[in-house]
Amino acid sequence: MDVTLGLLPDSPAGDDGGGVPSGVSTTVKSILTKEDNNKNNMVMCSEVSSSYPVGDQHLGDLELGLGLSIGGGGGGGGLKGKVVAGGGWSQYARILTAKDFKQNSCSSSSCSVSIPNSATSGFKRSATDSVSPTNGNSVVGWPPVSKAHRMPSLANENKSPTGNRISVTEQNKSKNRTAVINDYSNEKARISDKKYHSVKVNMDGSLIGRKVDLNAHTSYEMLAQTLEEMFFRRRSSTEAAKSSRLLDGTSEFVLTYEDKDGDCMLVGDVPWQMFLSSVKRLRIMKNSESNELAPRFQENNERRRTDVV
Amino acid sequence: MDPAATGVTVAGTGADPAKTTMFPEEFLKRTFSLINSDKDRNSVSLVCKDWYNVERMSRRHVSIRNCYSVSPEIVTARFPAIRSVTLKGKPRFSDFNLVPDDWGADVQPWLNVFATAYPFLEELRLKRMAVSDESLEFLALNFDDFKALSMLSCEGFSTLGLEAIATHCKNLTELDIQENGIDDLGGDWLSYFPENLTSLEVLNFSTLTSEVSFDALESLVSRCKSLRVLKVNRKINLEQLGKLLVLAPQLIELGTGTFLEELVSGSVNGLENAFSKCGNLVTLSSFWDATLLHLPVVYPVCGNLTFLNLSYANIGPDELEQILSRSKRLVRLWVVDTVGDKGLEAVGSHCPLLEELRVFPVDPFDQQLGVTDSGLVAVSKGCPKLHYILYFCQRMTNAAVITVAQNCPNFTHFRLCIMNPSEPDYLTNEPMDEAFGAIVKTCTKLQRLSVSGLLTDLAFEYIGRYAKNLETLSVAFAGDSDLGMEYVMRGCPKLKRVEIRDCPFGDSALLSGLTQYESMRSLWMSDCNVTMDGCKKLAEEMSWLNVEVIKDEGGDDRLANKVYVYRTVAGPRKDAPPFVVTL
């Protein structure tokens, strides 16, 4: 147990060491006891995900708890079937690199910016395309307003698109920096390096898939709200004020994603940046379908049980 | 011209060719030189071999609407005497960031061939091409007679390239730069025009962001007596504009600079005076930062205006009313949706001659209303001659569009963009099928249609059944199944360009257009359900089509996320970047 904890540099291991085991055992217990009840599994998972606020300290706690059994920092909310002891390390590397790139996410003009600019309604590449839309609707190139008819009052000023060239160089510089630090995560770095990161979202029962730009969002809550607006069209302010139902398990739908390995995972369990670097596509699944997730989950439990023992 | 007289019937009757009475070549040449329309020339060239030859030797202008449909060698081989070229490159959806950078459409390979084949080239009009500074310099240095350069939606060049054009093109009559992705490196490109250059007729640098030397501009305007189009950028203020107008009262089209300025009352009068002397002005555009404070300076010319472009001015209904009440002759009007429905009612009341209206969103993501169904109806009531509409709105109803169709049955271009994807009729919650159904049923001359809102296959069934003159169709977030696209591909015989995004159309739909693709310019499908297999099948069936798939990073390899299909006589692209796969 201690060894595992030692691998988690971000965690305030020393001080919280005392408090952690109980946290761990609580979590593990709940995993063990509720494995048969699918619905409760979902509820449990959502408890896990919503039980930590985004504050780093608590994040550290949770990572410690899950790190015990899975070996990766906060990996997969218990749904992922793989033991990733080694992977845990690279996951941290991934987190580092993703954070490194956070500020570069939309400064380049050579990015086909899918971040619609609330200030400038067009989408053509330009140094000014860096403002996220206020309502979180971030479909690439929609509405189809061309550059000419963006509002120039907020565009340009004295800022010329030469800014584009500069930021591309910056991008390259930081790429190199990352490559030096984490060679094995180079590929992952490049992926999280993308200036826009849009993934497909499909909802069970809806024919038309949509695309959402993940880089235009900074948290699960924001993403869930965007998706709810896209698919459920909730626009009244009272609804928006409530926390997203997709994430807390109270809706009839569940938000899942397909990760790089092709596994179907529940959204919300890993830190946001880690999610960004492993997500391939999103799927809003009917709660009844989420049974599929359970078997892997059970598989997990078994493995976990042996690890613990 | 009676084809029979040129020897065709003679050939048919088997008579002795020596006895043929044919029109002398000189006669054909002179006659054809009067034919300017590309369409007519294309028809002429199909009559017989002689006509084909005379036509091709006498053609002065060629329009290549897809730069990959033909190669520069083929063009120059067929038409040796070209003086003016129009060249269009990227698919239109590149304007909305759906086409990756470095996709292609580089103008340089064309310039290389033109340098030897058309050393007397005078005009080059580019749209959605990739143009570098080196290319602009090459152009300036290799074509001594070069006169007119127009670039719309191009990118890759900077003000350095403009310096080259200004320096070396001794006979320049036109420099028209619009909507481009330019690196505005500032500098003084305008000052590079030599003192002895007096030929300029068209100068449009409205989309450049940095300051130009006003002295250089003033001197240029003053010595170019034939200047008829002047569109300055936002760095030019009202006072400077006034000075320019005094020097060029002969202007026909004017793009203003910024209206943001505290003007002394003397200046205001001076400006109004300057405007009143411009008796030929029929087009006014730009109007950055315009408010009721200084808008009145343009009132003296409003009465003559036929085209008013206010799409950069965030004005409200009152400002619009003030201008429009004085602009009774307006034929084309572009506005921002800040004018609201009330502003559109003013359009309906004051502009009976209006034929074209474009309403742009000030902020597509702001859920505020902008314009709605009632504004559109108001315009249609007051402007029966309306035949071109581009309308961005947050919500619409079937009933409104049906009314509009009845009021304006002459639509040739109907582009309605309800900004929330798949948005239903906001009153009835039904799909918008009946709206577009009404348009295609009533407007038999419809050439261009952009649909939006919640649409089922029924909308496409209507389009396929009624839109028999449809040439361009843009579809997004619509339809239920392959049937939708199939209805259109099978039903609309005149389709030229189809662009589809985010619709549930798959391989079956793609393949249903087999008979159409030969006569179409291009098809774009992105984020639909088309697979690589489907594309391969299409490519196998039609060898003179380029079926290109733009690969997404890390996508499913079986899916063809972005497909661009176009007819070509030039074979697969030789300059395709690694992410473009030709099947």
Problem set entry | Order by protection proxy (mean Cβ within 10 Å, highest first), peptides B:40-50, B:244-254, B:498-508 | B:498-508, B:244-254, B:40-50
Exercise. For residue B:145 and residue B:558, FRET efficiency with R0 = 56 Å and r from the beta-carbon atoms, rounded to 0.05?
Worked result: 0.60
Seminar exercise, completed: Output field shielding_mean for B:96-105 (other chain Cβ, 10 Å radius) holds 5
For this session: Kindly compute the accessible surface that chains B and A hide from a 1.4 Å probe when together, both sides summed, and give it to the nearest 100 Å².
Result: 4600 Å²
For this session: Which order do the peptides B:161-169, B:110-118 take when ranked by the mean count of other beta-carbon atoms within 10 Å per residue, highest first?
Result: B:161-169, B:110-118
For this session: Using every pair of alpha-carbon atoms in segment B:36-77, split the distances into 5 Å bins beginning at 0 and state the percent of pairs per bin, rounded to integers.
Result: 5, 20, 29, 28, 15, 2
For this session: Using a 10 Å cut-off on Cβ atoms, rank the peptides B:131-141, B:453-463 from the highest mean neighbour count down.
Result: B:453-463, B:131-141
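Could you calculate the FRET efficiency of residue B:428 with residue B:369 from 1/(1 + (r/R0)^6), where r is the beta carbon distance between them and R0 is 22 Å, rounded to 0.05?
Given R0 = 22 Å and the Cβ-Cβ separation, E is 0.75.
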Seminar exercise, completed: With DSSP loop assignment and no more than 11 other C-beta atoms within 10 Å, the chymotrypsin sites (Phe, Trp or Tyr not before Pro) in segment B:391-434 are none
For this session: Provide a whole-number value for the mean count of partner chain Cβ atoms within 10 Å of the Cβ atoms in peptide B:419-428.
Result: 3
Problem set entry | Pairwise FRET efficiency - residue B:575 versus residue B:261, Cβ, R0 = 60 Å, nearest 0.05 | 0.80
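Expressed as a whole percentage, what fraction of the accessible surface of chain B belongs to carbon and sulfur atoms when a 1.4 Å probe is rolled over the protein heavy atoms? Provide the component values of the computation, followed by the final result.
On the way: 11440 of 22210 Å².
The nonpolar share, carbon plus sulfur, comes to 52 percent.
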Problem set entry | Near-label residues of segment B:558-583 by backbone N, under 15 Å of a point 7 Å along Cα→Cβ of residue B:540 | B:583
For this session: Evaluate the distance, in nm, between pseudo-label points positioned 7 Å from the Cα of residue B:276 and of residue A:260 along their respective Cα→Cβ axes.
Result: 7.3 nm
Exercise. For chain B, what mean projected area does the convex hull of the alpha carbons give, in nm²?
Worked result: 28.9 nm²
For this session: Return the loop-located trypsin sites (Lys or Arg not before Pro) in segment B:357-399 (DSSP other than H, G, I, E, B) with at most 15 other Cβ atoms within 10 Å of their own Cβ; answer none if there are none.
Result: B:385
Problem set entry | Expected-Rg normalisation [2.2 N^0.38 Å, Cα atoms] applied to segment B:305-398 | 0.95
For this session: Work out the P(r) tail for segment B:417-564: percent of alpha carbon pairs separated by more than 26 Å, whole number.
Result: 22 percent
Problem set entry | Average beta carbon contacts from partner chains per residue of B:350-362, 10 Å cutoff | 2
Seminar exercise, completed: In deg cm²/dmol, rounded to the nearest 500, the helical mean residue ellipticity at 222 nm of chain B, built from -39500 (n - 2.57) for every DSSP H run of length 4 or more, is -9000 deg cm²/dmol
Exercise. With every protein chain present, what is the per residue accessible area of chain B (1.4 Å probe, Å²)?
Worked result: 38 Å²
Exercise. How long are the three semi-axes of the equivalent ellipsoid for segment B:483-556, computed from the Cα gyration tensor as the root of 5 times each eigenvalue, in whole Å, largest first?
Worked result: 19, 14, 11
Problem set entry | Computed lengthening from residue B:48 to residue B:31, 0.36 nm per intervening residue step minus Cα-Cα distance | 4.6 nm
Exercise. Total Lys pairs in segment B:84-183 closer than 22 Å by alpha-carbon, pairs eight or more apart in sequence or interchain only?
Worked result: 5
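The values are calculated or read from the model by the stated rules, or taken from the named source; none is laboratory data. This structure is a prediction, so every number in the text was calculated from the model and none was measured. Cβ sites come from the backbone with ideal geometry, for glycine too, and all protein chains shown count toward neighbours. Note: areas computed on protein heavy atoms with side chains; ligands, DNA, RNA excluded. Shrake-Rupley method; radii C 1.70, N 1.55, O 1.52, S 1.80 Å.
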